[in-house]
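Encoded as structure tokens, the structure appears first; notes follow it.
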């Protein structure tokens, strides 16, 4: 696991969009943060692997159910950064 | 007639699984039988273990609980994840003489396809009870979408463990008694339940043991689903029959972090571990060095690879990636099997690297096997050749025939034909389906041995006595008198445009007034799906790229390319493409708007 350096919502959003764009093989600009995960057409394998990658960059566990609680990328950003220990005060990149 | 073993010989039935389990419980009560890797365990550590003595006691307790409601021969649906409850539940049913029917728990119930599959299994085998470890809430949800299940007896295996085992619940197993029903994936039609007898299991387990040829009881680590034959027979029943141990994790545990499987293999010093080809690809792609620091894979004797085409490129990439951790390429154990043969049919020699055969691609597309000599200095152009990996030979008294599927007659050497499987102690048929049983399990070749064979529906050929599996009969595309394997066309299309999703392309034939035409349904990412001019323009671009690539690579003009969201391409629960279902949906007009390639792509006849 990497150091538990808090990421800003901005960074998490960029990361999610880049990861999803890569899985869908589209340009990042084509992925809106209002996109609903379920409508992206990602397989359950892709989603669980994205969860594993998120754990790596956040340096902590992400429950496998979190995507059920977060319909959109924006919801996921809020969820992932709100429960981040030192959260939004951290400096952005 | 080409045949691996020309004359089947009489064999006695190997010891039955239930008898072996009781023997192991007496002889080595404290030996590890099963261990279960904790969900989301960081280092592949095990959370729960069963010795042979505790397994024996629990299995008899479950049998006692079941016999309170059920008579021998009743069916029991198993809706259990890969874990201790599955093992207790499955073996408890067998011990009680009731027939377990493993099925995929349809959770979450939103998955329409899983629910439909479950409902057709229930309608087919008419179970009287369900073993499940789901919460009350989930049970209610399942019964909500599959009302036929609501009236059945629901039991949790864990609750039955409290019972004192009653010897009267122990139903003596016989070789021809039904042990369980294995529902096939339903890649081509509605699910069919293969009737597997105790004798068929014992025979297949003895074949597997002969194939691995280990000098000590096997230690195995598995991530495969247990409601499929490869996970259930190969990864659970085989080590238990042989007095070894099985370490199980759920497929999701592996898929999230494939390193957990490798770590568990190292930790458990496993001799045997494997799965379908894509699992090895996933390890190459996803495992990071820091996740597997210090692991030792040098004890891995047999890395079995089966259930989907074995790719030479995968074997090479995996062996190279994990060589530094002690992986020995001679461990590769490509194999061929199917539920209709209990599990294993053929496998390679456990001590040698599997043979490869490079053949002329054009000839191969016409079912002709013309080996091509490939040397490092003068390699043939990659476009002209295809490299195949051997799946080895049948063991014991199992036989393999290659038969012309149209005539039922022999296929000359060097020609692809349908794989027919013979010899004693095969499954006896499909549950309550005499017609399909007759067609599949009682085929007699028009020449040669007048014995019943099981028609696999798979295609292959024998070369130097070894079986090479090349595809499935029903999916074969015949265009202009030439055979094309849909997998090949799909692979070309996957590579033709970056927006096309891997493993979400289906190619199949439609009859266009007497002529077969090739239609492709391709799943694409966002930006190419839905209304709007941009999406339509993107679709046209993808369709053109796909049509050009297929024309150039295979010399086929695509009749139609339907662009859909990736989830619209139907697959089985194990992720296998369901081409026939995709074709039906296409013919029913479910993939509109379609874009005839004639309007968008103009490629020259080749």
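The values are calculated or read from the model by the stated rules, or taken from the named source; none is laboratory data. Since the structure is predicted, the reported quantities are computational estimates derived from the model, not experimental observations. All Cβ positions, even for glycine, are placed from backbone atoms using ideal geometry, and neighbour counts span all protein chains on display.
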Given the structure, is residue B:201 out of contact with any helix residue (DSSP H, G or I) (no Cβ under 6 Å at 6 or more places or on another chain) and either buried (at least 24 other Cβ atoms within 10 Å of the Cβ) or closer than 26 Å to residue A:49 by Cβ (or both)?
no
Looking at the stretch B:308-321, is at least one residue surrounded by 14 or more Cβ atoms within 10 Å (Cβ to Cβ) and in a strand (DSSP E or B)?
no
Strands (runs of 3 or more DSSP E) contained in the stretch B:388-497 and holding at least 3 residues in contact with a helix residue (DSSP H, G or I) (Cβ under 6 Å, 6 or more places away or on another chain) and without any contact (Cβ under 8 Å) to a residue 60 or more places away in the chain:
none
Please indicate, with yes or no, whether at least one residue in the stretch B:540-547 is at pLDDT below 85 and assigned to a loop (DSSP other than H, G, I, E, B).
no
The listed residue being at pLDDT below 90 and in contact with a strand residue (DSSP E or B) (Cβ under 7 Å, 6 or more places away or on another chain), out of B:405, B:412, B:449:
B:405
So which residues in the stretch B:485-534 are away from chain A (no Cβ under 14 Å), loosely packed, with under 15 Cβ neighbours inside 10 Å and under 13 Å from residue B:562 (Cα atoms), if there are any at all?
none
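Each row is one residue, and each column tells you yes or no for (1) in contact with a strand residue (DSSP E or B) (Cβ under 6 Å, 6 or more places away or on another chain); (2) surrounded by fewer than 24 Cβ atoms within 10 Å (Cβ to Cβ); (3) without any contact (Cβ under 8 Å) to a residue 24 or more places away in the chain.
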| site | (1), (2), (3) |
| --- | --- |
| B:21 | no, yes, no |
| B:39 | no, yes, no |
| B:59 | no, no, no |
| B:82 | yes, no, no |
| B:89 | yes, no, no |
| B:95 | no, no, no |
| B:102 | yes, no, no |
| B:115 | no, yes, no |
Boolean, residue A:29 is more than 12 Å from the chain's Cα centre (by Cα), modelled with pLDDT of 70 or more, over 21 Å from residue B:502 (Cα atoms) and away from every other protein chain (no Cβ under 14 Å)
no
Kindly indicate the residue of the stretch B:94-114 that is under 17 Å from residue B:193 (Cα atoms) and in a helix (DSSP H, G or I) and also modelled with the lowest pLDDT among those meeting that condition.
B:114
Somewhere in the stretch B:427-443, is a residue at pLDDT below 85 and either surrounded by fewer than 22 Cβ atoms within 10 Å (Cβ to Cβ) or touching a strand residue (DSSP E or B) at 6+ places or on another chain (Cβ under 6 Å) (or both)?
no
Scanning for something out of contact with any strand residue (DSSP E or B) (no Cβ under 9 Å at 6 or more places or on another chain) and touching a residue at least 60 places away in the same chain (Cβ under 8 Å), does the stretch B:294-306 turn up at least one residue?
no
Test: residue in the stretch B:530-541 that is free of Cβ contacts under 8 Å to residues at least 60 places away in the same chain and touching a helix residue (DSSP H, G or I) at 6+ places or on another chain (Cβ under 8 Å):
no
Would you mind stating whether residue B:280 is without any contact (Cβ under 8 Å) to a residue 60 or more places away in the chain, under 21 Å from residue B:229 (Cα atoms) and more than 14 Å from chain A (Cβ to nearest Cβ)?
yes
Being modelled with pLDDT of 95 or more and part of a helix (DSSP H, G or I) narrows it down to one residue among B:246, B:266; which is it?
B:266
